[in-house]
Amino acid sequence: MDDAATVSTPTPAVEQAAPLLRLSAVVKTFPGVRALDGVDLDVAAGEVHCLLGQNGAGKSTLIKVLAGVHRPDAGDIVWDGQPVTFPSPQASMRAGIATIYQELDLVDDLTVAENVFLGHEPRTAGFVHRGPGARRTREILAQLGHPEIPPGRLVGKLPAAAKQVVSMGRALSRRARLLVMDEPSAVLAHDEVANLFRVIRGLTAGGIAVVYISHRLEEIREIGDRVTVLKDGRTSAANLPAATTSTRELVGYMTGRSIEYVFPPRPPAPPVPQRPTEPTVSQGSVAAPVAPLLEVSGLGRSGEFADVSLTVHSGEIVGIAGLVGSGRSELLETVYGARRAHSGSVRLDGRVLRPGSVRAAVRAGIGMAPEERKSQALLLGEPVYRNVTLATFGRLARAGFTDAARERAEAARVTGELRLVPADVRRPVRTLSGGNQQKVVLARWLLRGGCAGTRLLLLDEPTRGVDVGARAELYGVIRRLADDGVGVLLVSSEVPEVLGLADRVLVMREGRVIHEAAASDLDEHAVLDLVMAGSLLSGAQAEGDLS
Amino acid sequence: MIDVASPAAASAKRAGWWRGDGSEPVRRNLGLVGVLVLLYLVGALARPDIFLHGGRLWSNELTVLTQASSIGVITIGMTFVMISGGIDLSVGALLALASVWSTTVATQSYGPGVMILAALLVGAGSGLVNGILIAYGRMVPFIATLATMVAARGLAQKISGKLTQIVKVTSFNRIAEWRPLGIPLLVIIFVVVAVLAWVLLNRTTFGRRTVAIGGNAEAARLAGINIRRHTLLVYTLSGLCCGIAAVMVTAQATAGSSDHGNLYELNAIAAAIIGGTALTGGRGTIVGSVLGVLVFTQIYNLFIVKNLQTEYQQIAQGVIIVAAVLIQQFRVAALRRPVPPGA
């Protein structure tokens, strides 16, 4: 990759005098990952600077460097003309950078005013002046165009949009000069976004700079001044004019990532006909199509996703692409019974599963590798074999007495097939790498091969936190499982992963499946387009989705 | 970065009992044995006439074990509850309730068998109530058992009229007197309960579920384990242990009383913590809890034989609890430190 060439792409319409913030060649490495690999960023006072990039491009790490959470390994940060370092979040805050994370860091049980001045309350000798705090809060909220928010109200009782205003109020109370907003619109309804934009415009008119992160291109066009695109931890394009750069061009800078994952080849003929009409001819029967393994129809949970219908056949990998918040993880958990569906049904082999019952799903032959491996799937202090047999130790037991020797043998067999390293099944799971921890979770469901057998695997972000080398191996494992006849429903925010691994792809946006196609008929570009803007839809439909 | 055949992994296989699954608890329990030895040395310095005289030491230690037996049985129930990630504050009160219920004039008229059965059923039944409140009422264990603690003690006072109920069934009282092979039956009961509990925790699906739920409830749920039903069973087990302990205490006192089991919840929790049971759940051993009880009782015994006031004993107890929790936190912090691959 020749970054010198890629960085010096189009320069902005108007170059401001001296930027408020300038990052150059910032590098941040984590064990096994180079999260930032030379990032350049210029932010001028009074502008809205948008940051674009796919999942894993380094946006979150960049924000944390700015917020003083991470210290960069190399590169320079120039703030207001002075080279600086932010050794701690407090240092960054004191300099005048306020970060509003996606999950707002407000205290629900404190009032609006208390939240705004949290950590720097107007006080004398430890006694908080409530009056001035409330008065200042009212001023700040008025300045943000929201004088109707009562400073004495508990933050927990406010709607999401108002909470966001309070977060911005906190930034203002600290006299921040740069506001970093991480996907602020993800939690907002359509009309609330318009409101948010009004507030942002008010701030920038006062000379405050905003770094705005969003996946929604239409928002970037509306609010943004300039755009910087990240890819693989590098700045792939800097200071593009937000209003005029074409979608095609922007997506172009985001795609074609240099880390090419090695995907296992798909079976030569699609394992299962997508529309099961043609191959049944040989059977001479009209009414004998290949029945799907999993059939989800009209599934919905209010506020999360609606009217989702999909099928997975035995031996098929179906991928769901979508942003965080598009309802994909919720959908997977509902299929698994970890959440109770409000409407619709889930059938496995034609039999309806009891809604809201994980145990029914597991008994029917469904296994899941959840998104948060450590908090949702593993007993970190327990040895590998006990994690592998977590769903089966009862079946391997005799009359209620567990059989550790048999468990170890079975676990060793399955983890051996998955090439777990190190192979010792007595080690605590805590000591394994991310990729090997994921293998332990997969092994849990493979172990049932001998017993009831896992028919369907639900994988939520199976390669999160897994380094590049181990990824290819996991992909191989997942494909092998499918070849053995297991159906796989896969969720990933990494578009190349979905495209490379799945046979068929569903695209989700705002709780609905908006597109379905064979993976070979889609490319990264088209999927990103769909995921971010839904531009393949007609305008009318898009409007309908939003309202 | 992935070491295929690390020497550490190989040595782990060779010295499995030491480096394998249970190395941390094993080391910790050896530490507790060390503390016990230390306490004997202190005893030998303080009262050489007892601690350096075989016969007197033996009889003194049997006294210690007898004292440890009822609180020990309760600690074992508490250990299961704590490993499952909960807490049971009601154990002392449940003991009192079971004791009173099994010694009413009416119950006594049916003989010792029914008295014992009544104590066990009252204990297990009250534990079941705890379990229902926590598993199906979704109450926080701390609050649910705090409520049953107050209510059970009150009910015990109501039934007994705050009067001590003398046990007139002599065969029942013999439970505390009988010494087969010179060992008090109470101690034997303690040992039997401990052995059964060890098997239950380490060799059965019940024990495995307990550890799984306490270690990571969400993972257990997503693996298809019925968390609610199991939580219910764990609290019922703790209640049953209270019933067993009630029989032991009542027979020792030859009376049922609503004052029995006072502060037992504190002693049981403290002993379990000293024995290495994590307050956050998922970790704990029966051997550790038994040693924890023995350490406590031995300290208590030293105060008695030195004729020191019990106030000092309570102060010492508080200090020990603080020390035990601090040690546990350091251990957890050490565990959380990143482990180099293959180390």
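Determine, yes or no, whether A:GLY534 is over 23 Å from A:PHE263 (Cβ atoms), of a type outside the set (Lys, Arg), buried (at least 20 other Cβ atoms within 10 Å of the Cβ) and modelled with pLDDT under 85.
Yes, satisfied.
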Among the candidates A:PRO87, A:PRO72, A:PRO151, single out the residue that is surrounded by 19 or more Cβ atoms within 10 Å (Cβ to Cβ), without any contact (Cβ under 8 Å) to a residue 60 or more places away in the chain and within 30 Å of A:VAL466 (Cα to Cα).
A:PRO72
Within the stretch A:336-353, track down each residue that is of a type in the set (Lys, Arg) and within 13 Å of chain B (Cβ to nearest Cβ).
A:ARG339
For the stretch A:28-60, name all the residues that are more than 19 Å from A:ILE220 (Cβ to Cβ) and among the hydrophobic types (A, V, I, L, M, F, W, C).
A:PHE30, A:VAL33, A:ALA35, A:LEU36, A:ALA45
Taking the stretch B:81-102, which residues are in contact with a Ser or Thr (Cβ under 6 Å, 6 or more places away or on another chain) and of a type outside the set (Gly, Ala, Ser)?
B:VAL81, B:MET82, B:ILE83, B:ASP88, B:LEU89, B:LEU94, B:VAL100
Given the stretch A:22-130, what strands (runs of 3 or more DSSP E) lie entirely inside it while holding 2 or more residues that are more than 14 Å from chain B (Cβ to nearest Cβ) and farther than 28 Å from A:GLY156 by Cα?
A:33-43, A:48-53, A:74-79, A:82-84
Please work out which one of (1) more than 14 Å from chain A (Cβ to nearest Cβ); (2) crowded, with 17+ Cβ neighbours inside 10 Å; (3) at pLDDT below 95 is the condition B:GLU177 fails and give its number.
(2)
Among the numbered criteria (1) in contact (Cβ under 8 Å) with a residue 40 or more places away in the chain; (2) over 30 Å from B:ALA156 (Cα atoms); (3) within 14 Å of chain A (Cβ to nearest Cβ); (4) surrounded by fewer than 20 Cβ atoms within 10 Å (Cβ to Cβ), which one does B:ILE183 miss?
(3)
Please state which one of B:THR250, B:THR210 is within 14 Å of chain A (Cβ to nearest Cβ), among the polar types (S, T, N, Q) and in contact with a Ser or Thr (Cβ under 8 Å, 6 or more places away or on another chain).
B:THR210
Only unsatisfied item for A:LEU481, checking (1) at pLDDT 90 or above; (2) touching a Leu at 6+ places or on another chain (Cβ under 7 Å), is (1)
From the list A:GLU333, A:GLU316, pick out the single residue that is away from every other protein chain (no Cβ under 14 Å) and of a type in the set (Asp, Glu).
A:GLU316
Unique match (being more than 20 Å from the chain's Cα centre (by Cα), part of a helix (DSSP H, G or I) and farther than 27 Å from B:LEU266 by Cβ) among B:LEU181, B:LEU133, B:LEU155
B:LEU181
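Within the stretch B:285-307, does at least one residue satisfy the condition of being basic (Lys, Arg) and within 14 Å of chain A (Cβ to nearest Cβ)? Even if it seems obvious, please write down each step before you answer.
So in the stretch B:285-307, the residues basic (Lys, Arg) come out as B:306.
Okay, now just the ones that are also within 14 Å of chain A (Cβ to nearest Cβ), so none.
No, the conditions are met nowhere in the stretch B:285-307.
The values are calculated or read from the model by the stated rules, or taken from the named source; none is laboratory data. Keep in mind it's a predicted model, so treat the numbers as computed, not measured. A quick note on method: Cβ atoms are made from the backbone with ideal geometry, for glycine too, and the neighbour counts reach across all protein chains shown.
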